[in-house]
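A.B. asks: Quick one: structure below, then a few questions.
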Amino acid sequence: MPSRSPSSAARATPSADFVVVANRLPVDRVVESDGQTGWRTSPGGLVSALEPVMRSNDGAWIGWHGNPDERLDAFTHNDLELVPVPLSAQEVQEYYEGFSNATLWPLYHDVIAPPEFHREWWEAYVAVNRRFADRAAEVAAEGAVVWVQDYQLQLVPRMLRESRPDLRIGFFLHIPFPPTELFSQIPWRRQLLEGLLGADLVGFQLPEAAANFVRLVRQRVGYKTQRDHITLPDGRQVRAKPFAISIDTAGFEELARQPATERRAAEIRENLGNPRQILLGVDRLDYTKGLGQRLRAFGELLSDGALDDNEAVFIQVATPSRERVDQYRLLRDDIDRLVGRINGESGHIGPQPVTYLHSSYPRTEMAALYRAADVMVVTPLRDGMNLVAKEFVACRVDGAGALVLSEFAGAADELKQAFLVNPYDINGMKSGMLAAMRSDKRELARRMRAMRKQVTEHDISAWADSFLTELRREV
Ligand code: G6P
């Protein structure tokens, strides 16, 4: 692997009192106007939530920088200490595209796509988790708090505890944790559970997920459990609790209120021929998101004549994702075909029923889309939380707009005033979309008010605070 330092100041290994360990660093590489490469903080909410904690605690973030076969020194960007972990091209294939995204991802999402089990993938997962754990062990100061993120790194807590028992270790799973029968399919189920048990606190999005984990530990590892507490043979206690993740609500609100955003929202409506209703979907192009079912439901509303072409249009933003994984390639072809069919059948000249955008957009454009929409359609087949639903609500500073939301998104636990639908039930989704489109303004405003209260009171910093407070609590 070639070794070089990025343009920002390269540093010797930092010594940090607060360490985040995640598969990805919170920065994207950009080419500046002078041709030099630099970094831009990626738009994710996690980094904005953890930034203040990192600044006040000499924090460091350990993660992959996104490029295979490249070693980089630790560096600072916007005063954040970033510690890149290298992955070879083969590890990207086996650890990231393979075990993380073709074994664990489908299995943890209700086996919507068949998970593949390959022993070489597992070995790569172990080796890469070891590398992350070793790097965290080097970077963490005596007694530091280390917060490990998500399904790609489930073995890190135990590996880290073995080398650094002085640390306080937390783990948060951003995706669903499957029911015991599904988890039990994994040939390496016990190692994964023991990996997580290296943490002092294991956080999940929903209470059911935490309960699934505790049950599995009791059944498969045989440790004593009492409600959300697990007692290990050496007497150490591990807690498993829900912490529903959220967004930078104030940040989205501020963006949504800007005159430029309002102007752009009006322009979007104009470009679509000022239809009476704009439905909007925004997702990574992932088979868990239920894009096909949702578009089919919309297509049927048009072909049934329940909606006429001039009445409603659908904008679907599908951000490219994991494009080298087979299931994602197949999905892309399916969605391309489906959109082509719906638009082809519309049989009229003018704006198409479905505007399909296979691309990613900056936050400003997303805020304008959220404001331009009448009905936001978020219908995953299974989703840990779904932050798009919360972003939409945060951006509706005008108090208008309707949310159609899948019962199988974690967000449905909190956004109860959405039009809740079962994404497997096409007729039910059609009725949900129609109900959202036909509800009167006062009813929509009442629902939106309640949902906005929820995302205002429970934003991403409240999430991070509650996790870290619980992690630091002595038991
Ligand atoms: C989900 C996962 C994250 C992941 C993100 C993007 O939200 O929970 O861990 O980073 O998808 O996927 P990618 O594979 O591009 O990192």
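Where a number appears in this text, it was derived from the coordinates with a stated rule and is not lab data. Bear in mind the structure is a predicted one, so any value in this text is a computation, not a measurement. Neighbour counts run over all protein chains shown; Cβ positions are idealised from the backbone, glycine included.
A.B. asks: Can you run phi through the Karplus equation (6.51, -1.76, 1.60; θ = phi - 60°) for the range 350-361 and list ³J(HN,Hα) in whole Hz, with x for Gly and Pro?
C.D. replies: Result, ordered by residue: x, x, 6, x, 10, 9, 10, 10, 8, 6, 10, 10 Hz.
A.B. asks: How many Lys pairs in the chain lie less than 26 angstrom apart by Cα atoms, where the lysines are 8 or more positions apart or on different chains?
C.D. replies: For the chain, qualifying lysine pairs total 18.
A.B. asks: Then there's this: Under 5 Å between amide hydrogens, which residues at least 5 positions from A74 or on another chain qualify, with H placed 1.01 Å from N in the peptide plane?
C.D. replies: R11
A.B. asks: Please list 3J(HN,Hα) in residue order for the range 427-442, calculated via the Karplus relation 6.51 cos²θ - 1.76 cosθ + 1.60 where θ = phi - 60°; whole Hz, with x for glycine and proline.
C.D. replies: Listing the rounded values in order: 4, x, 5, 4, 5, x, 5, 5, 4, 5, 6, 9, 5, 7, 4, 5 Hz.
A.B. asks: Amide H of R284: which non-local residues (sequence gap of 5 or more, or other chain) have their own amide H closer than 5 Å, using H built in the peptide plane?
C.D. replies: Counting only residues 5 or more places away or on other chains, the set is T319.
A.B. asks: Now, a different point. Given Cβ point charges of +1 (Lys, Arg) and -1 (Asp, Glu) and nothing else, what value in debye, to the nearest 20, does the dipole of the range 70-167 about its Cα centre take? Before the final figure, lay out each step's value.
C.D. replies: Numbers: 8 positive and 17 negative charges, 50 e Å.
Value, rounded to 20: 240 debye.
A.B. asks: Using only the alpha-carbon atoms of the chain, report the extent along each of the three principal axes, biggest first, to the nearest angstrom.
C.D. replies: 66, 57, 41
A.B. asks: Can you give the direction-averaged projected area of the convex hull of the alpha-carbon atoms in the range 306-364, in nm²?
C.D. replies: On the way: hull surface 21.6 nm².
Across all orientations, the range 306-364 yields a mean hull projection of 5.4 nm².
A.B. asks: For the range 264-276, just list the computed ³J(HN,Hα) in residue order, Karplus coefficients 6.51, -1.76 and 1.60, θ = phi - 60°, integers in Hz, with x standing in for Gly and Pro.
C.D. replies: 5, 4, 5, 5, 4, 4, 4, 4, 8, x, 6, x, 5
A.B. asks: More than 17 angstrom separation, counting every C-alpha pair in the range 369-475; what % is that? List each step's numbers first, then the result.
C.D. replies: Numbers: 3058 of 5671 pairs.
Of the Cα pairs, 54 percent sit more than 17 Å apart.
A.B. asks: How big is the range 228-277 by Rg and Dmax over its Cα atoms, in Å?
C.D. replies: 23.5, 68
A.B. asks: Antiparallel versus total DSSP beta bridges in the chain: what percent is that, nearest 5?
C.D. replies: Numbers: 16 of 66 bridges.
That works out to approximately 25 percent antiparallel.
A.B. asks: Out of residues 5 or more away from V148 or on other chains, whose amide H comes under 5 Å of its own, with H placed 1.01 Å from N in the peptide plane?
C.D. replies: Long-range HN contacts for V148: V21, G170, F171, F172.
A.B. asks: Mind grabbing the base-10 log of I(q)/I(0) for the range 278-417 at q = 0.10, 0.16, 0.20 Å⁻¹? Debye formula, identical points on the C-alpha positions, no solvent, two decimal places.
C.D. replies: For the range 278-417, the Cα-only Debye profile gives -0.32, -0.85, -1.31.
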